[in-house]
Amino acid sequence: MLRIIKETKEYYHQAEECIQKAFWNVYMPGCEEHYLVYKMRSSPEYVSNLSFLALDDGHVVGAIYGSVAKYNSDDIITFGPLGVDPKYQRQGIGGMLIQQFIKETKKMGYKAIVITGVPEYYPRFGFQDCYKLGITMEDGIQFPALMGLELEKGYFDNNPGVFREASVFFSLDRNEVEKYNSF
């Protein structure tokens, strides 16, 4: 039976394996998202209360990770990676993880979630593109994968701004990833 839980230490290794399976050879040869998860957990921006696992009979089949980001000077939330084991994809598990994430983020009082993700997937959860919301990256760039979701009604109205991801997203060294993969 499938259930969603907050991530706990006992599932760390399984969760990293799940993320590795989900991203292997998708955007590049191999992947680094599983190492990102490993590094994230010790990052000051990491939000453990917004990191969830999908379990099927005790096995991790999906995961989502939350971290604090900046929108102008406000603390907001972002997530990533979000991954589902390829054997379990297209069964609604990613959607369940996102819905749990949104629900808990609202409870914590954050005003918005900004992500970079698949533009064809996230609008079904209420995410809107950066062009409509006025969101840019630090270098002023906008692109379809940059999306936001208001948790406080009107947050993005007349509030164009700059999105800055957690520093851990910029600290991945390919040599460190390869070393990590060799264990």
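The values are calculated or read from the model by the stated rules, or taken from the named source; none is laboratory data. Keep in mind the model is a prediction, meaning the values are calculated, not measured. Backbone-built Cβ (ideal geometry, glycine too); neighbour counts: all protein chains shown. SASA here: full protein model, heavy atoms, side chains in, ligands and nucleic acids out. Shrake-Rupley method; radii C 1.70, N 1.55, O 1.52, S 1.80 Å.
The table for this structure:
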| item | result |
| --- | --- |
| Residue among LYS6, LYS21 that is touching a Phe, Trp or Tyr at 6+ places or on another chain (Cβ under 8 Å), open to solvent by 80 Å² or more (accessible area, probe 1.4 Å) and more than 30 Å from PRO160 (Cα to Cα) | LYS6 |
| Qualifying positions in the range 40-57 - closer than 28 Å to MET1 by Cβ and open to solvent by 10 Å² or more (accessible area, probe 1.4 Å) | ARG41, VAL47, SER48, ASN49, ASP56, ASP57 |
| Positions within the range 67-119 being surrounded by fewer than 19 Cβ atoms within 10 Å (Cβ to Cβ) and over 16 Å from the mean Cα position of the chain (by Cα), in sequence order | ASN72, SER73, ASP74, PRO86, LYS87, GLN89, ARG90, GLN91, GLY92, LYS107, MET108, GLY109 |
| Any chance TYR12 is over 21 Å from ILE93 (Cα atoms) and open to solvent by 20 Å² or more (accessible area, probe 1.4 Å) | no |
| Whichever residue in the range 120-139 is under 19 Å from GLY66 (Cα atoms) and part of a helix (DSSP H, G or I) and, among such residues, is least open to solvent (accessible area, probe 1.4 Å) | TYR122 |
| Complete set of residues in the range 140-183 that are out of contact with any strand residue (DSSP E or B) (no Cβ under 9 Å at 6 or more places or on another chain), open to solvent by 70 Å² or more (accessible area, probe 1.4 Å) and assigned to a loop (DSSP other than H, G, I, E, B) | ILE141, LYS153, ASN158, SER182, PHE183 |
| Exclusive hit being among the small types (Gly, Ala, Ser) and in contact with a Cys (Cβ under 8 Å, 6 or more places away or on another chain), set GLY30, GLY66, GLY83 | GLY83 |
| Pairs, first basic (Lys, Arg) in the range 154-167, second at pLDDT 95 or above and open to solvent by less than 40 Å² (accessible area, probe 1.4 Å), C-beta under 9 Å, six or more apart | ARG164/ALA69; ARG164/TYR71; ARG164/MET137 |
